[in-house]
Amino acid sequence: MDANKTAANAYPERMKMESSDLYAQNLAALKALFPGVIAESRDPDGELREVVDFERLRELFDGVVVKRPQEERYEFNWVGKSEARADAYRPTRKTLRPCPSESVNWDATQNLYIEGDNLEVLKLLQASYLGKVKMIYIDPPYNTGHDFVYHDNFRQSQEEYDRASGKVDEDGIQQFTENTSSNPRFHSDWCSMIYPRLLLARNLLAEDGVIFISIDDNEVENLKQICNEVFGAGMFVAQIPWRKRTAKSDVPFGISQDYDWIVGYARSDSYKAGISNNNRKYFETDDFPGQPWRIHDMSTQRTATERPNSNFTIVNPRTGEEYPVNPQRVWCITKKDFQKYLEDNRIIFPGDYPFLKIKKPVLRYWKSDDMLKAGADFGKVAVSTKLPDEIGMSQDGTKEIVQLFKSKVFSYPKPSSLITYFLKITTSTDDVILDFFSGSATTAHAVMKLNAEDGGNRKYILVQLPETCPPKSDAATSGFATICEIGKERIRRAGAQILKERQTAPSLLQTDRQTDNSESLQSSQSSDLDIGFRVFKLAESNFNDVFYDPSLLTRDLLTATEKNIKEDRTDLDLLFSVVLDWGLPLSCHYCVETAGNATIHVYNNGDLIACFQENISEEDMIAIAKRKPKRALFRDSSFANGAAKLNLMSIFEQFSPTTTVKVL
């Protein structure tokens, strides 16, 4: 009876504990998926704890900005934050139009250069590149009071802007404007610009991915607060100083700001930086055949006071020689563990191996243990926030530009050595790298250089708003109308230069490979080094508005909507809009073939086959279906009537029932 009573009394407490555990598990799951919905609040006992902000969670799913009553909590806020968050999740009706004529090696390259507002582009990339990007590097506007900040969804009347200035798109939407320090929303506007872009960028990162952001003192603290919310404070990797110039004397307060910052945040705790360690020496000896080993210092930086159990004299059991400890640097093992290390052959004494010039005992580490512990990171060692001396400053980035263009067509570019360093400590040879503030395309330059150096096949995605080059600037006088024109031309010239250098002085990786002596860019087609890129431009949808919203249909529009696709759109435009919708990468192999008498577009070796011919015959439908593509795409005008369209479905049901068929 007493036992039953005790159990009954304990039941509510047990249920409370289980409920608490479940809440903690759910909280952890939400925190991993949506760090921004986790806030700090006080419980009834006055203790701070993490809680779910359900209104913010709701905003993520329905896009409604919730006006909440003021309450005390620890969070970072600014004017326009809720609207900026909603803007990140607001659907887009934009598309990406392919531009083969401005591309290099369009058919085979896996690199992308996209022109347009990066907020809209990041939305379009969500399905195709979700969780696929290993490293993001961006160099956004620093908000110095003189640079441009994107103004999302900010409309002006026809009279209020000069279209020739390039600061508005074809719809009269202002894309960027100078954010002066006299603006009362000076910091808020910058925060509202960067916040939604980082929310979308996080989705694209792989589980072991990372983002590095260049920034100066003006917004570094605000940037970290935003990143803490977007990625989670626990995902902070480092704040790395980069020396951009040598000191100057004519500066405010007499202290020159010679350093910028590179702020890093990981997608999850799976990310690990490291640099190849080519100096680690392993030995193979007769006493341990097939078991390579290395040595390691046996002392530590702890004192005898801090680690009294490691303050002892080691005695060589074979010679009786004593090795007293240094009280300021005691042994890294305790006296109690010494015998076990000795029995496991983990301790080496002076004289054990004549080729080792040691004067005190050292530890033996087995290569097999190193490999097991490091896993995929074997051969790499941790890096410091102090960048290597060989990484250049801003002047080195300018020299690269001048060397390529014979003119200073871009101001304050980052040196490619800076980005190459982050590629080396983060990426493997087949990873995808994204830069959505690409400027002069330094990231593309760095990727190509590293691929040429180590034989890698890293792919880049660059995004840049086509900002107009100021009149009378070096860029304008050199014939460049926009920054995008500079970026694309830099990739062409840098690619040709790298390919030429590789052919004239091939590295060890290329000694057995055939090279083409031609200096033409087209030589990249016969090389394993990808110096090409596909150009896409952000544009309005390929479809008339009623395709999305039938409520817009009026009697006057009936004639106009006989064809639901805009008149100026090509077959390639339609193909790549569906590539995005279906979540296929934009860099897959593409070619034009025939099936029967029909011209077909084959994407990713048959993952998608599209035919846009008028009035396609039944024989051609059968020929396409027999190729058994995963997906098949047609346009409405391909069929004479509804019966022909129904016949298409019957044909695929008969010859390729697993194919997903779509008609535009």
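Dividing the Cα radius of gyration by the Kirkwood radius, what Rg/Rh value follows for the stretch 198-262?
1.08
When only DSSP loop residues count, what trypsin sites (Lys or Arg not before Pro) in the stretch 238-331 have their Cβ near at most 11 other Cβ atoms within 10 Å?
Sites meeting the loop and neighbour criteria: Lys248, Lys281, Arg318.
Of the GluC sites (Glu not before Pro) in the stretch 602-640, which ones lie in a loop per DSSP and count no more than 16 other C-beta atoms within 10 Å?
The qualifying sites are Glu614.
Of the accessible area of the stretch 216-332, with the probe set at 1.4 angstrom, what percent is carbon plus sulfur?
Carbon and sulfur atoms account for 45 percent of the accessible area of the stretch 216-332.
What is the count of Lys pairs in the stretch 242-343 whose alpha carbons sit under 30 Å apart, if the two are 8 or more places apart or on different chains?
Taking the Cα cut-off of 30 Å, the pair count is 5.
Over every pair of different alpha-carbon atoms in the stretch 246-386, take the mean of 1/r and invert it; report that Kirkwood radius in Å.
18.9
What share of all Cα pairs of the stretch 314-454, in percent, falls into each consecutive 10 Å distance bin?
Distribution as computed: 9, 25, 20, 14, 16, 12, 4, 0 percent.
Ratio of the stretch 309-365's C-alpha Rg to 2.2 N^0.38 Å, to two decimals?
1.08
Within the set of other residues whose C-beta is less than 13 Å from the C-beta of Ala238, count the net charge using Lys and Arg as +1 and Asp and Glu as -1.
Net local charge, Ala238 excluded: +3.
Using all alpha carbons of the stretch 371-511, what is the percent of pairwise distances in each 5 Å bin, ordered from the shortest bin to the longest?
2, 9, 17, 19, 20, 14, 9, 5, 2, 1, 1, 0, 0
Considering every Cα-Cα pair within the stretch 577-636, what fraction, in whole percent, is farther apart than 13 Å?
Percent of Cα pairs beyond 13 Å in the stretch 577-636: 58.
Give the span of the stretch 611-659's Cα atoms along each principal axis, as three whole-Å numbers ordered largest to smallest.
Sorted from largest, the Cα extents of the stretch 611-659 read 24, 18, 16 Å.
Divide the volume of the convex hull of the Cα atoms of the stretch 288-330 by its number of residues and quote the answer in cubic angstrom per residue.
95
Using per-residue counts of other Cβ atoms within 10 Å, averaged over each peptide, order 452-463, 644-655 from highest down.
Final packing ranking: 452-463, 644-655.
Which whole-number percent gives the relative contact order of the stretch 610-662, counting Cα pairs below 8 Å spaced six or more residues apart?
Relative contact order of the stretch 610-662: 48 percent.
Provide the packing ranking of 407-413, 417-423, 573-579, 311-317, i.e. peptides ordered by the mean count of other C-beta atoms within 10 Å per residue, highest first.
Listed from highest to lowest mean packing, they are 417-423, 573-579, 407-413, 311-317.
Run the Debye formula on the Cα coordinates of the stretch 406-474, all scatterers equal and no solvent, and tell me log10 I(q)/I(0) at q = 0.16, 0.21, 0.24 1/Å.
-0.59, -0.88, -1.05
Quote the accessible area belonging to Asp620 in square angstrom, nearest 10, computed with a 1.4 Å probe and with ligands, DNA and RNA left uncounted.
Taking all protein chains as shown, Asp620 has close to 10 Å².
The values are calculated or read from the model by the stated rules, or taken from the named source; none is laboratory data. Model, not experiment: these values are computed from the prediction. Note that each Cβ is placed from the backbone with ideal geometry, even for glycine, and that neighbours are counted across all protein chains shown. We work out accessible area using only protein heavy atoms, side chains counted, and drop any ligands, DNA or RNA first. Shrake-Rupley method; radii C 1.70, N 1.55, O 1.52, S 1.80 Å.
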